[in-house]
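Take a look at the structure below.
No value in this document is a laboratory result; all are computed from the given coordinates. The shown structure was predicted, so the numbers you read here are calculated from the model rather than taken from an experiment. Cβ coordinates were reconstructed from backbone atoms using ideal geometry, including for glycine residues, and neighbour counts include every protein chain displayed.
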Amino acid sequence: MNDALGLPQSILVLGGGSELARAVVARLLAARPASVVLGGRPGSDALAGAAAEAAAAGATSVTTVAFDATDPASLLAAVDDVFDGHGDVDLVLVAFGVLGDQTACESDPLEAVEVATVDYTSAVVAGLAAARRLRRQGHGTLVALSSVAGERVRRANFVYGSAKAGMDGFYQGLTDALVGSGVQVVVVRPGFVTTRMTAGMKPPPLATDAAAVAEAVVAALAKGSGTVWVPGLLRPVFSGLRHLPRPLWRRVPG
Amino acid sequence: MMPTPASAAPGRRTPLVGWGGTRPTVAEVVALTSGAVAEQTLRHPGRRGVIARGLGRSYGDAALNAGGTVLDATALDTPGPTVGPDGTVRVPAGLSLDALLRTVVPAGWFVPVTPGTRFVTIGGAIAADVHGKNHHRDGSIGAHIRRLTLATPTGTVEIGPDRDPELFWATVGGMGLTGVILEADLVLPAIETAHLRVDTVRTGDLDEVMALMTEGDHRYHYSVAWIDCVIRGRHLGRSVLTRGDFARRSELSSRCAERPLDYRAAVRLTAPPVFPSGLVNHRTMRAFNEAVYRRAPAHREGELQTIARFFHPLDVIGSWNRLYGRRGFLQWQVVLPFGAEDVLRRSIEGLAAAGAASSLAVLKRFGPGDPAPLSFPTEGWTLALDLAVAPELTALLDGLDDAVVKAGGRVYLAKDSRVRRELVGVMYPRLDEWRAVRRRVDPDGVLISDLDRRLDLTGRTPAPNGRSARS
């Protein structure tokens, strides 16, 4: 059961190996012990590492569930299995995603399909599958990791950005659909996060890290449904950038 | 009469929330129009169990049951009670203290215990074993109950302090988890007038108010201090101590004495649901506490106050909880044994230093506790304060809880919405004894609330969210 400040006692992470997810789980476990189910690619080292971390951080139990984010049907089955087998889930964190290689995507459309499938299609499946079960149990929180990349899509990564834009829009709508259901939705829009996924890239201004994202998620849980920017300053910055003339916007470097 | 199948229960999926307004959950709400409805629902409980709900004044999740059934006991509020010559009255569990007072005060009776609001049901008051300003004299409400009718999953029973006392005391303070209270016999004290003779003292700091209470509470039937938990430094814990007794008829002015038992208790205005979440903040609460302190007389004796003004000052504003906005608030109420005054002081220091946005807090001395294993009051000091929801509260209150528990104190389950589960058994060392009694009447774990899911009061672990053995 979530407490008054939104801290859960059971957590399902979809994309459990991701660095952001690991930071969020570590931060939640630091506040309250919880049972943790980590979903991800079968046999992935990152998932096994995350499971060991969660156990060391005080999880009351840690289990893993396998799914492949390029295969939405496997994701749906994984979500249903967890809800059938583990009792109530207080918090579902949708954290899987791929950045993709923009150049490769532009030369091979099927490469782009994979990005779109993981970042949009599977995110939709995760949201609907979890919402259905949370609605039935009458309580719970759905946290979706979106990105500022979807706020205004850039030339430099428009395949990833457009998938995130769709995903963000989907979770905004889902938030409204779940009003009065006992289910809260938190949409997290981090800026550039220094992680494995962005290794080798030069951090832009207002870059953040996984710990800051985790802190923002915990703060957002206390407030109920809503959208949270990390860092918070990105919100006013993007309300300006949204109106930047197009010839300038397309020159924003990747 | 044909038995009604369970599926015909006219339940509606409704979002419910505690008084603090945090984390609504959805349940099937069934109007508890008769004892038969309780029996029927407990026999066919559905997948996620049953809990009774009164007027929803518990702050957290005690009267919520996510995905399950909630029996709305306010439907069980007739017929009007008649008071016997010895003050005994039989009341349906859904009757509010408000309605009871309106009936019995004009006839010269009062309620044995009232919390700070009269908008609680009798059933809820018993399930939380509520206390009032007279705890140091009269104990909590459990001490004034002669008999209960309780619908349990294994049948409806009559219990009392002399009839199945184990189940009776497990039900008093049992947070609704032993069954659905249908009816109670309670003993009312007689009053000559509907007025109190009140002495008010303003104190400059915490030591002063504690000394005054220790030295003089026994001279008054009712005593409570409003304490400023925002101010720091020299005036830490400055308070307004009000104590009083029911006035005799001879003490009223000639005009009042004509109708000494005239009872008026109006809700003057109701807060609309429009307040932003940040309105109750450190700055506004500092100003509010300052105003309350300044407005109180430095010292005044023998002032006559009405029942409503003395016992239920906040009830003048309906839905005052909306002032906290959409995010809501929580209450931290603890009791500390006598001798742990330093922990009390450090708690207030910690809250003030953290700049927690707390409105007026309440300090009171409890007398000895009762035999109920989960009853909150124990001999010592109780402190209660409301706090606007903020993520920092977890670390702040966890730290304060640790000190309270270490000193032999506990938090009040009817107010709680965030305490750590692992502390419950330490704070309530008779938890296992209570669980054993509970299991006798609810072996399949039909009775469940969100409070129980969160704190695992009924001992369903290892399943982390309290799925019952049946599902």
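Normalising the Debye intensity of the stretch B:263-362 to I(0), with uniform scatterers on Cα atoms only, and taking log10 at q = 0.20 Å⁻¹ returns -1.27. Comparing B:ILE227, B:ALA184, B:PRO276 along the charge dipole axis of the stretch B:174-319, the residue lying farthest to the positive side is B:PRO276, per the Cβ-charge model. Based on C-alpha pairs under 8 angstrom that are at least 6 apart in sequence, the stretch A:49-154 has a relative contact order of 32 percent. The calculated 222 nm mean residue ellipticity attributable to helices in chain B amounts to -7000 deg cm²/dmol, summing -39500 (n - 2.57) over DSSP H runs of n ≥ 4 and dividing by all residues. Between B:GLN305, B:LEU400, B:ALA353, the Cα set farthest toward the positive side of the dipole of the stretch B:195-418 (charges on each charged residue's Cβ, about the Cα centre) is that of B:GLN305.
When you restrict to C-alpha pairs under 8 Å that are six or more residues apart and normalise by the size of chain B, the relative contact order lands at 17 percent. Taking the longest Cα principal axis of chain A as reference, the axis of helix A:122-137 is set at about 30 degrees. For chain A, find the longest principal axis of its Cα atoms and tell me its angle to the long axis of helix A:158-177, 0 to 90°, nearest 10. The angle comes out near 40 degrees.
Once you divide the Cα radius of gyration of the protein assembly as shown by 2.2 N^0.38 Å, the number left is 1.04. Think of each Lys and Arg Cβ as +1 and each Asp and Glu Cβ as -1; about the Cα centre, that makes the dipole of the protein assembly as shown roughly 1740 debye. Placing +1 on the Cβ of every Lys and Arg and -1 on the Cβ of every Asp and Glu, with nothing else charged, gives the stretch B:336-430 a dipole about its Cα centre of roughly 180 debye. Inter-part distance, the stretch A:71-119 to the stretch B:352-426, computed on C-alpha centroids, equals 43 Å. Bridges between two residues of the protein assembly as shown, per DSSP, are antiparallel at a rate of about 60%. Working from Cα pairs under 8 Å separated by at least six residues, relative contact order for the stretch B:195-418 is 25 percent.
Annotation for A:LEU110 and B:THR88: the two label points, set 7 Å from Cα along the Cα-Cβ direction, are 8.6 nm apart. Each stretch of four or more DSSP H residues adds -39500 (n - 2.57); spread over every residue of chain A, this sum gives -14000 deg cm²/dmol at 222 nm. Taking the longest Cα principal axis of chain A as reference, the axis of helix A:72-85 is set at about 30 degrees. Only Lys, Arg, Asp and Glu carry charge here, each on its Cβ (+1 for the first two, -1 for the last two); on that basis the stretch B:195-418 has a dipole of about 820 debye about its Cα centre. Shielding value for B:22-29 is 6, the average number of Cβ atoms from other chains within 10 Å of each residue's Cβ.
If each Cα of the stretch B:195-418 is one equal point scatterer, what is log10 of I(q)/I(0) from the Debye formula at q = 0.08, 0.14 Å⁻¹? Calculated log10 I(q)/I(0) at the listed q: -0.31, -0.97.
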